[in-house]
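Asker: A single structure is presented below for examination.
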Amino acid sequence: MPTPTSASEPQPVDPALPEPTGRDQAFLRDIWYFAMPSADLAPGAMRPKTLLGEPIVFGRGDDGSVFGLRDICPHRGIPLSDGRFDRGEVECCYHGWRFAPDGRCTAIPSLTADQAMEIGRIRVRAYPTVDRHGGIWVYMPADPRSTAEPAVPPPSLPSVTDRAPGLVQRMTFPCHVDHAVIGLMDPAHGPFVHTSWWWRSRKSIHEKAKRFGPTELGFAMLRHQPSSNSAAYRLLGGVPTTEIRFQLPGLRVEDIEIGRHRVCGLTAVTPVDATTTEIHQMFFWTVPVLSLLKPVLQPFVRRFLAQDRDVVVRQQRGLRHGPALMLINDADVQAKWYFRLKKAYAAWRDDGTPFENPVRETTLRWRS
Ligand code: FES
Ligand SMILES: [Fe+2]
């Protein structure tokens, strides 16, 4: 993507971003990505999915365990997902080679009894895959041939996410992951993009000051009472407090406490390829009344996310011309942090530079 630069003086200009071309297309590697909601993968099912430009077939055994394999048969390259998942193994549709969930070849039907071949040495790439917090998560290694343990554990989210999500919304944005991430975390677009009678209007713009601090792989808007112009919060009853965390590679976690109740919003931003990004928004709650309101809430969540997508669609018409972009203070500081975090993480993985979180505790002020 084009390089945003800083327009105002007090903070240093952000370092240049790599263009999203070449093998990595500026995707972060050696980190866990959200692949799909857990419920999308039933026991005994397979599901193909492209992540970071790589075709992966996800599957779930009858015992509930999940796996992810490169969706290309090592024999002659046909997608394994065109085959079938049978008795705990993937069978290719072309010549029937079979593969265990760990990628090992277990059968080549064309071999005669006297044709010795160490078929266990044939392997299809297996991606570390786990099922937790309502989603299937996959580790995308920098070295595709690596069988090393993941460099970091899968994300750990508030315990309310251990129950099934009450609401799931999925949407595809036609942009590079960086634009999706910084668009979703951007605090200044609300009054212009998300105008509606039930949320807010342009007239409601006012000055805000929020406290931020570093977290493990990101930063948080520290616990606070949401602004009174967010009418939707009133549906929850009681005075909620919210902490909003962002962490690499593209996770936003809104953790709301209302008395003894908990509501958690998880937004997972996953690159499909250099120009396509998938967003999943999931809500988990312990508030029983929200379950009753679900049919009412769903269209609002969808509309909200569609507003973000529609603005990105328009943005692409300008980005086609490769313009220089700006990140200003303070409204765009979270976006600056995102790029710095990404750079620090990539440097750690590339040459071992110890990962140091570039975010310091601070107050950001903006009008929105
Ligand atoms: S291409 Fe898969 S078994 Fe031949
Ligand atoms: Fe938005």
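Asker: Just need a number here: residues in segment 65-80 that are assigned to a loop (DSSP other than H, G, I, E, B), open to solvent by 30 Å² or more (accessible area, probe 1.4 Å) and more than 7 Å from ligand 1 (Cβ to nearest atom). Outline the logic, then answer.
Answerer: Quick first cut of segment 65-80, residues assigned to a loop (DSSP other than H, G, I, E, B) only: 65, 71-79.
Right, trim to open to solvent by 30 Å² or more (accessible area, probe 1.4 Å) and you get 65, 72, 74-79.
Add one more test, that the residue is more than 7 Å from ligand 1 (Cβ to nearest atom), and what stays is 65, 72, 74, 79.
The total comes to 4.
Results for (1) crowded, with 17+ Cβ neighbours inside 10 Å; (2) out of contact with any Pro (no Cβ under 7 Å at 6 or more places or on another chain), shown as yes or no for each residue.
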| residue | (1), (2) |
| --- | --- |
| Asp255 | yes, no |
| His261 | yes, yes |
| Thr267 | yes, yes |
| Thr270 | yes, yes |
| Gln281 | yes, yes |
| Lys294 | no, yes |
| Arg303 | no, yes |
| Asp308 | yes, yes |
| Ala324 | no, no |
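Asker: Is it the case that some residue within segment 17-36 is modelled with pLDDT of 95 or more and over 30 Å from Asp332 (Cβ atoms)?
Answerer: Checked against the condition, which is being modelled with pLDDT of 95 or more and over 30 Å from Asp332 (Cβ atoms), segment 17-36 yields at least one hit.
Asker: Taking the options His179, His194, name whichever one is modelled with pLDDT under 95, more than 16 Å from ligand 1 (Cβ to nearest atom) and within 30 Å of Asn329 (Cα to Cα).
Answerer: Numbers: His179 fails: modelled with pLDDT under 95.
Only one candidate passes the filter, namely His194.
Asker: So, of the residues in segment 326-368 that are of a type in the set (Gly, Ala, Ser) and more than 19 Å from the chain's Cα centre (by Cα), which turns out to be surrounded by the fewest Cβ atoms within 10 Å (Cβ to Cβ)? Walk me through how you get there before you give the answer.
Answerer: Here is the first cut: in segment 326-368, the ones of a type in the set (Gly, Ala, Ser) are 331, 335, 344, 346-347, 352, 368.
Within this subset, residues satisfying the condition of being more than 19 Å from the chain's Cα centre (by Cα) are 331, 347, 352, 368.
On the way: Ala331: 18, Ala347: 14, Gly352: 8, Ser368: 18.
The extreme case among them is Gly352.
Asker: Looking at segment 81-94, is at least one residue touching a residue at least 60 places away in the same chain (Cβ under 8 Å), in contact with a strand residue (DSSP E or B) (Cβ under 9 Å, 6 or more places away or on another chain) and open to solvent by less than 60 Å² (accessible area, probe 1.4 Å)?
Answerer: There is no residue in segment 81-94 that is touching a residue at least 60 places away in the same chain (Cβ under 8 Å), in contact with a strand residue (DSSP E or B) (Cβ under 9 Å, 6 or more places away or on another chain) and open to solvent by less than 60 Å² (accessible area, probe 1.4 Å).
Asker: Can you tell me which residue in segment 84-97 is nearest to the chain's Cα centre (by Cα), limited to those that are assigned to a loop (DSSP other than H, G, I, E, B) and either under 16 Å from Arg125 (Cβ atoms) or more than 9 Å from ligand 1 (Cβ to nearest atom) (or both)? Walk me through how you get there before you give the answer.
Answerer: Looking only at segment 84-97, we keep the residues that are assigned to a loop (DSSP other than H, G, I, E, B), and these are 87-88, 92-97.
When the remaining residues are screened for being either under 16 Å from Arg125 (Cβ atoms) or more than 9 Å from ligand 1 (Cβ to nearest atom) (or both), the result is 87-88, 92, 97.
Numbers: Arg87: 31, Gly88: 28, Cys92: 30, Trp97: 33 Å.
Filtering first and then ranking leaves Gly88.
Asker: Can you tell me which residues in segment 211-257 are part of a loop (DSSP other than H, G, I, E, B), at pLDDT 95 or above and not aliphatic (A, V, I, L, M)? Reasoning before the result, please.
Answerer: Step one: of segment 211-257, the residues part of a loop (DSSP other than H, G, I, E, B) are 216-217, 225-230, 237-240, 248-250.
Pick out the ones that are also at pLDDT 95 or above and you get 217, 248-250.
Once the filter is applied, which keeps residues that are part of a loop (DSSP other than H, G, I, E, B), at pLDDT 95 or above and not aliphatic (A, V, I, L, M), segment 211-257 yields Pro249, Gly250.
Asker: Still on this structure: Let me confirm something: among His133, His176, which residue is outside the structural domain of Asp255 (by TED's automatic domain parsing) and within 14 Å of the chain's Cα centre (by Cα)?
Answerer: His133
Asker: Continuing with the same structure: Do you know which of the residues in segment 50-64 that are in a strand (DSSP E or B) and surrounded by fewer than 16 Cβ atoms within 10 Å (Cβ to Cβ) is nearest to ligand 1 (Cβ to nearest atom)? Spell out how you get there, then give the answer.
Answerer: Of the residues in segment 50-64, the ones in a strand (DSSP E or B) are 50-51, 54-60.
Still in the list and also surrounded by fewer than 16 Cβ atoms within 10 Å (Cβ to Cβ): 50, 55.
Numbers: Thr50: 19, Pro55: 14 Å.
Only one residue fits best here, namely Pro55.
Asker: Right, here's the next one. Could you please let me know if Gln298 is in the same structural domain as His194 (by TED's automatic domain parsing), more than 16 Å from ligand 1 (Cβ to nearest atom), at pLDDT 95 or above and within 30 Å of Ile258 (Cα to Cα)?
Answerer: No, not satisfied.
Asker: Follow-up. Given the options Ala346, Ala324, Ala306, name the one that is touching a residue at least 24 places away in the same chain (Cβ under 8 Å), within 15 Å of ligand 2 (Cβ to nearest atom) and farther than 30 Å from Ser159 by Cβ. Quick ask: steps written out before the conclusion?
Answerer: On the way: Ala346 fails: within 15 Å of ligand 2 (Cβ to nearest atom); Ala324 fails: within 15 Å of ligand 2 (Cβ to nearest atom).
Going through Ala346, Ala324, Ala306 in turn, the sole match is Ala306.
The values are calculated or read from the model by the stated rules, or taken from the named source; none is laboratory data. Predicted model, so just to flag it, every value in this text is computed and none were measured. When we count neighbours, we look across all protein chains shown, and the Cβ atoms used for this are built from the backbone with ideal geometry, even at glycine. For accessibility, only protein heavy atoms count, side chains too; no ligands or nucleic acids. Shrake-Rupley method; radii C 1.70, N 1.55, O 1.52, S 1.80 Å.
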